Amino acid sequence: MADLKIKAGAGSTNKLLIQSQDQANNDYAIQIGDAGATTLTNATLTNATMSAGTIGSGVTFPAGHMLQTIGDTDTGTSRATSSSNYSDITGLSCAITIAKNNSKILIHAHSGMTYPNSDTLRINIKRVITGGDTVNEIVSGSYGWIEKRGSVWGNTSGFWLDSPAQNAGTVITYSLRFKNDNNSTGVYWSHADALSSLIVQEIGV
């Protein structure tokens, strides 16, 4: 049986246009332009194979899907404090532009060489929302610490889950803070030989 061909008339601006029974004017179920460029409206693909293409920003991902990941690393810097008040850990921060309304933010922090020096090193997260005055600690899982290890260097990681309740397009900057709960000798978050990292991931809801 011969192939059935449906083709628009010759001309670079001519398209093959197909409407459903309730569509009119410039509403089309299928539009086929030059080189087979095809636009489908209100389409459901079943058992389809996609060999190439780009997923646009308007695509809705299922809840719990990781939307983006950004990170920052730093080495060659010693950071110490003997204060019982939180101070910024400079050199590590991540500014993330929210892609979806009300996303959750997962934050990972790691230091390869941490030294509590017989005291208690405590870290938490500072959140700054661009265009606003919101600077606060994260409530959920807000503290990470290494307690009274004596003169032992080690590594540590902290994890936080934030629910900033912001709309797409909002820029949020996350950074680390640390303090010494005992307020005596200095404690180190990192050392000159250590690699520190901060990773921020957006999770759609």
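Before moving on, here are some points about what is shown:
- Local net charge near T173, Cβ-Cβ under 9 Å (Lys/Arg +1, Asp/Glu -1): +2
- Here the chain is treated with +1 on each Lys and Arg Cβ and -1 on each Asp and Glu Cβ, and its dipole about the Cα centre works out to around 100 debye.
- Per-residue extension of 0.36 nm, minus the Cα-Cα distance of Q23 and V205, leaves a gain of 62.2 nm for this segment.
- Under 29 Å from K179, Cα to Cα: lysines that are on another chain or at least 8 residues apart: K104, K126, K148
- Magnitude of the charge dipole, region 1-96, Cβ model with Lys/Arg +1 and Asp/Glu -1, debye to 20: 240 debye
- Dipole of the chain [Lys/Arg +1, Asp/Glu -1 at C-beta], most positive-end residue of T13, A37, T75: T75
- Counted charge near L106, where neighbours are those whose Cβ lies closer than 12 Å (Asp, Glu -1; Lys, Arg +1): -1
- For the chain, the longest site-free run once chymotrypsin sites (Phe, Trp or Tyr not before Pro) in DSSP loop states with at most 16 other Cβ atoms within 10 Å are removed: 1-85
- Across the chain, the relative contact order, built from alpha-carbon pairs under 8 Å that are at least six residues apart, equals 32 percent.
- As a rough guide to protection, the peptides 112-124, 13-25 ranked by mean Cβ packing within 10 Å, highest first, stand as 112-124, 13-25.
- Extending 7 Å from Cα along the Cβ direction at K5 and again at Q68 yields two label points whose distance is 4.6 nm.
Read-outs: derived from the displayed coordinates by stated rules, not from any lab. Because the structure is predicted, anything quoted here is derived from the model rather than measured. Note that each Cβ is placed from the backbone with ideal geometry, even for glycine, and that neighbours are counted across all protein chains shown.
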